[in-house]
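The structure appears right after this line, and notes come after that.
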């Protein structure tokens, strides 16, 4: 048995970096704080790769399955004699995979930010927050029990809030960070309710116990029933609500496009590759319970994922801000991951969807981070976020161009890039489970290719804009991460994922199902072709199409007015009919009672004051009356 | 000497005198008249003590001596009270008890 | 009716009437005079009870000392010619109620109680006995209260002098009034 206790340092190092840079950062030269943050992350990246190597290639397999190893555990809060919240580190296939994803992307972002954020005010603060985020996200994936995961879940939310609102003097950034925090916090309410219901019924928080096939969650499954669904199902639905918030699925997706107010590397790290997949990770973590005890909840997961991906893909076709296109693309791809989990079974080949979801998570992290960082390089060169201000940039930004193209081909699912493999597995899993879901995802694949290449052609081809100053390629600190991620996106398709990360830990063989793969490639090429016709050269076709489908276009451009609906519900209904009466009650009745008590006391004391009138005869009168009364009582009434 | 007049008559007399004195104390406005009412009260107590001594404890002298001492104390107290009244008169130029009420809230 | 009883009722009548007049009279000198009558009648009661020494002390100290003191203070505070206004309604009604209630309770209690008279023979109280008791320190001796009364009288004398004397030369107001 290999001793994995050293993995504690994977958590401690970024936390120490956060404290150091947070407290002393402004005393150091900016470059030094950046290098410190990056160095810390470099160390933990190396440690993560080491852990992965030892776990996957030198670790023990029992019955051919990878074991869940608790590397470190300490009891933090003893609630009752059986229920306690621990802090610990859990090593198992998905957590090790996430370790690699998070540390690699975070390291790339750290290096990239050395160039991108150079000269910014608050440079040290930025690196401190990046370290805090890395610590929180790593803590989330390494949690041994669901409560610890909830704590780190909230920590991740705070890091996201701090980083979205990094340019805190911009009002739009401030309101975007508030929106993100409030929406995810609201969703986390569901998460907490789910945790409470689950732990009340199973008397434990620990993941190993919860996902144990003979454990309380699965074997006693449908115990008490409420409205036709078992308690475990209800708790899984509530837990999924938290995942919906954090992963920006419909209807809690509204915060992710606005979160693009943050610096672009932050969008790459948090809102593309790592934090938003926390919801997927949560479902994957609890997957045995979902698959074996709460199939209704799993169905909901699948449909929410499918709907979100279609919804976001349609909106992405009309957006002009390049970061927003990428944000909606993220929502769409996470929908794919949720769908894949939703159509999956448990064990061996049944768990194809699970494996495909994790594989897509892995590849998506690479290519989405690459896309965002590339967008950052473009924005850095052109000083504008909008597609209308770009065109023909392929002459000026060669490296960015090639890496961006690789990423677009990956997301469109063109072989031999990694996106083809992961998307193919998802489509295969969907095909065997539910043809309707498969049809939806198939359509979304085509739409994805279309809008991504719309983006690509608009930026790098098309009519050249007259630029104020010639756009120049990004410095080396920005292009090296692009190249590394491009290589990752290109070759990671060949990793034998089904040997490593599966629903029950056992390896199984997969092969490309040509019946599904060929049509998906074809529809991808179709999307690329249409985009080429519309956007590669200046053409009146897009505007004509937009004019024909005026209403559809307008609805998609305005994000289907979901934000306005939410605003209406909160302002007109909740604020007016719920908050204001409650506020009135608080002000007049609760406060009023307090004030009344005070004023009554004051009035009474004012009246009583009159007893000290200074008139001697009054005093004596009271004295005599008191004696007479006392005499009366003592002599006659006190028997 | 004690035959004929029951003890209670003395006691009732003393009680009446006492409460007349109380009434006077509460009602009068002049400080000196209040002092006079006070003397009435003390005197009534004296009669009480003496009556008890004569009727209930004729072989002892305690009531008698106590009355003696009460008279002495009353004299001392009247002296001091007059001194205070003179002082008050000097300060307030009035000895109306309702005007001497500065020690209040 | 024996002579005793007649004397008793006479004295009681004087006491009650004069005490009521003391507290209700509107001229202060008349109130002082009525007080004098009350005190003299009390002395008479003491004579009846065979406490001659006490009666003598009462006449000397009370009637001769305190009443004179009161009259002097009336003169000193220039009250002699003033006529009082009548007292307000509320005050007299409340005070009357309080006093009458108290009186009733006291009288009813007195009447209810069984006073058991003593069986022993009365002692003849003469000056010899009084003098010896006052100064004896043994049983039935009243030397201690005697000494206490001495000190009290001394304290009262000093207090009266201090309180009643005029403010010293430090007071600028009195200095100017002195020079005037």
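Please treat every number below as a calculation from the coordinates, not as lab data. It should be emphasised that the depicted structure is a prediction, and the values quoted were computed from it without experimental measurement. Backbone-built Cβ (ideal geometry, glycine too); neighbour counts: all protein chains shown.
Could we say that residue B:85 is touching a helix residue (DSSP H, G or I) at 6+ places or on another chain (Cβ under 7 Å), at the interface with another protein chain (Cβ under 7 Å from one of its Cβ atoms), in a helix (DSSP H, G or I) and within 17 Å of residue C:161 (Cα to Cα) here? In short, yes.
When the test is whether a residue is part of a helix (DSSP H, G or I) and surrounded by fewer than 24 Cβ atoms within 10 Å (Cβ to Cβ), residue A:334 does not pass it. So for region A:275-296 (the condition being assigned to a helix (DSSP H, G or I), in contact (Cβ under 8 Å) with a residue 60 or more places away in the chain, touching a helix residue (DSSP H, G or I) at 6+ places or on another chain (Cβ under 9 Å) and within 24 Å of residue A:117 (Cα to Cα)), does at least one residue qualify? The answer is yes, given that some residue of region A:275-296 is assigned to a helix (DSSP H, G or I), in contact (Cβ under 8 Å) with a residue 60 or more places away in the chain, touching a helix residue (DSSP H, G or I) at 6+ places or on another chain (Cβ under 9 Å) and within 24 Å of residue A:117 (Cα to Cα). Of all the residues in region C:25-54, those that are at the interface with chain B (Cβ under 7 Å from one of its Cβ atoms) and surrounded by fewer than 17 Cβ atoms within 10 Å (Cβ to Cβ) number 1. Selection of region B:56-70 for residues being in a helix (DSSP H, G or I) and either more than 7 Å from every other protein chain (Cβ to nearest Cβ) or surrounded by fewer than 21 Cβ atoms within 10 Å (Cβ to Cβ) (or both) yields B:56, B:62, B:63, B:65, B:66, B:69, B:70. Of these, A:606, A:621, which one is surrounded by 11 or more Cβ atoms within 10 Å (Cβ to Cβ), part of a helix (DSSP H, G or I) and within 14 Å of chain B (Cβ to nearest Cβ)? None of the others qualify; the one that does is A:621.
Scan region B:11-33 and tell me whether some residue there is within 19 Å of residue C:9 (Cα to Cα), more than 7 Å from every other protein chain (Cβ to nearest Cβ) and touching a helix residue (DSSP H, G or I) at 6+ places or on another chain (Cβ under 8 Å). Among the residues of region B:11-33, at least one is within 19 Å of residue C:9 (Cα to Cα), more than 7 Å from every other protein chain (Cβ to nearest Cβ) and touching a helix residue (DSSP H, G or I) at 6+ places or on another chain (Cβ under 8 Å), which makes the answer yes.
The residues in region A:163-195 that are in a loop (DSSP other than H, G, I, E, B) and either within 13 Å of the chain's Cα centre (by Cα) or closer than 21 Å to residue A:269 by Cα (or both) can be counted, and the count is 4. Being more than 14 Å from chain B (Cβ to nearest Cβ), closer than 30 Å to residue A:179 by Cα and within 49 Å of the chain's Cα centre (by Cα) is a description that applies to residue A:562. On the stretch given as region C:102-114, residues that are surrounded by fewer than 11 Cβ atoms within 10 Å (Cβ to Cβ) and more than 9 Å from chain B (Cβ to nearest Cβ) total 2.
A single entry from C:96, C:122, C:143, C:117 fulfils the requirement of being farther than 21 Å from residue B:11 by Cβ and facing chain B (nearest Cβ under 7 Å): C:96. Of the residues contained in region A:90-103, one or more are found to be under 30 Å from residue A:164 (Cβ atoms), over 19 Å from the mean Cα position of the chain (by Cα) and crowded, with 23+ Cβ neighbours inside 10 Å. Which of the residues belonging to region C:146-166 are in contact with a helix residue (DSSP H, G or I) (Cβ under 6 Å, 6 or more places away or on another chain) and more than 7 Å from chain B (Cβ to nearest Cβ)? Once the filter is applied, which keeps residues that are in contact with a helix residue (DSSP H, G or I) (Cβ under 6 Å, 6 or more places away or on another chain) and more than 7 Å from chain B (Cβ to nearest Cβ), region C:146-166 yields only C:146.
Note on region C:55-69: among residues that are more than 8 Å from every other protein chain (Cβ to nearest Cβ) and without any contact (Cβ under 8 Å) to a residue 24 or more places away in the chain, the one that is nearest to residue B:33 (Cα to Cα) is C:68. When residue A:39 is tested against (1) touching a helix residue (DSSP H, G or I) at 6+ places or on another chain (Cβ under 8 Å); (2) farther than 28 Å from residue A:507 by Cα; (3) surrounded by 12 or more Cβ atoms within 10 Å (Cβ to Cβ), exactly one condition is not met: (1).
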